[in-house]
Every structure is written in C-alpha cells, then in structure tokens.
Amino acid sequence: MDNKTASYGFLKECLTIEVLRGRKNFSWIRVIRRCLSEHKKRYNFWWRVANYLYIKDGKLNKKIAHRINRKLIFKYHTEIELGTQIGSGLLIGHHGGILVTNRATIGKNFNIRQNTTIGLKKNNDDRLTIGNNVNIGANCCIIGEKLIIGDNVTIGAMSFVNKDIPSNCIYYTEKISKTVCKQ
C-alpha cells in the first residue's frame, strides 16, 4: 500500500477536508461533533478510519476495520473496499448501490453518485487509476484492465466506460453504441 494513505497525517487531512470542510484547526472533538450533527459526514469519517486501520496492518486492526466496513455496507449500501487509495475530498452524492474495487487508485476531489460500479474485468494485479477532480454521474459502470481516467474529467450519468479517458474531458454514452469525449 501507499505509505501516504497509511499515515495518520493523511487521515487527519482527509477528515479536515471532508468532515470539517477545510477548517484549519483539526480536533477530534470537532470531527465527532460534526459527524453527530450531519449524518452525511458519518460515512466518510467511518470509512476513512476503517481504511486507515486496514492499511496500517496488524491482525486486530484489520478485524476492527472489516467490522466497521461491514456495518457501513449494511447501513449505507455503499461498498468501497478496504485498501482502496482515495485522495482527500471524497464526496458521495447519494449512497445507494456504489461499489469500488480495492485495486483502484483515485485522486483528490472525487465525486461519485448512486448505483455506480468501478471495477476490473479480471482477477489479476492490474490497477485502475482515476485522476484528480473527477465527477461521476449516477448509474455509471467503469470496468476495464489497466484503465486510466485523467484529471478534470466529468463522466455523464448512465455511461459505460471500458477505455482510457484523457484529462479535461466530458465523457458520456450517447444511445447504446456510441461514446463521445468532448474537450
């Protein structure tokens, strides 16, 4: 795993951006208060903590991480597998039906919506790479081998992605058989 995503500083950075909305003075009390008052922040908080424990290693840490993640899956119907590398600024529009493989490396400011699948075709060591500032619409399916999606990409709702997308594109599926990438 990436050493940066396993660090305590990275966990605090993510919680500062995602839960505290970028306020500079981090404190666990502020984070917990925000999670208690705004239920949309709870998923990010608990997933970040579980992922931190999972990447940190140790039998007990992994057991606790799996237990937290299982509860998140049942409560929010969102399965971002433990070990997924996601930069700070994760935003989930609506939680239902999201699935992200643990072999994905995702940049900062990632926005995903309901009923979206991000995965690989085969069970091998390939990785799926998604750049910074990527916005994915509802009901999308992103499946491929060694797939790379560039920075500043918007993927329209109900799109099927099985090939690389260059940076600074708007990608959508037009009808069933035609895909368009406009820069």
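Of all the listed residues (Phe74, Phe110), the sole one being of a type in the set (Phe, Trp, Tyr) and surrounded by 21 or more Cβ atoms within 10 Å (Cβ to Cβ) is Phe110. Scoring Gly22 on the criteria (1) modelled with pLDDT under 90; (2) surrounded by 15 or more Cβ atoms within 10 Å (Cβ to Cβ) leaves a single failure, condition (2).
Restricting attention to the stretch 23-47, the residues that are assigned to a loop (DSSP other than H, G, I, E, B) and under 22 Å from Ile80 (Cβ atoms) add up to 2.
Being surrounded by fewer than 20 Cβ atoms within 10 Å (Cβ to Cβ), outside the structural domain of Ile136 (by TED's automatic domain parsing) and among the aliphatic types (A, V, I, L, M), is that true of even one residue in the stretch 78-93? Among the residues of the stretch 78-93, not one is surrounded by fewer than 20 Cβ atoms within 10 Å (Cβ to Cβ), outside the structural domain of Ile136 (by TED's automatic domain parsing) and among the aliphatic types (A, V, I, L, M), which makes the answer no. Just one of the listed residues (Asn115, Asn69, Asn124) is outside any helix (DSSP H, G or I) and either surrounded by 15 or more Cβ atoms within 10 Å (Cβ to Cβ) or in contact (Cβ under 8 Å) with a residue 24 or more places away in the chain (or both), and it is Asn115. Listed conditions (1) crowded, with 18+ Cβ neighbours inside 10 Å; (2) out of contact with any Phe, Trp or Tyr (no Cβ under 9 Å at 6 or more places or on another chain) are all met by Glu38, apart from (1). All of Tyr54, Tyr43 fail the test of being under 24 Å from Arg127 (Cα atoms), surrounded by 18 or more Cβ atoms within 10 Å (Cβ to Cβ) and among the hydroxyl-bearing types (Ser, Thr, Tyr), apart from Tyr54.
Within the set Leu91, Leu36, Leu60, the sole residue that is at pLDDT 95 or above, among the aliphatic types (A, V, I, L, M) and out of contact with any Gly (no Cβ under 8 Å at 6 or more places or on another chain) turns out to be Leu60. Looking at Lys41, is it free of Cβ contacts under 8 Å to residues at least 40 places away in the same chain and touching a Lys or Arg at 6+ places or on another chain (Cβ under 9 Å)? In short, yes.
The values are calculated or read from the model by the stated rules, or taken from the named source; none is laboratory data. A quick note: this is a predicted structure, and the numbers were derived from the prediction, not measured. Quick reminder, even Gly has a Cβ in these numbers, built from the backbone with ideal geometry, and neighbours come from all protein chains shown.
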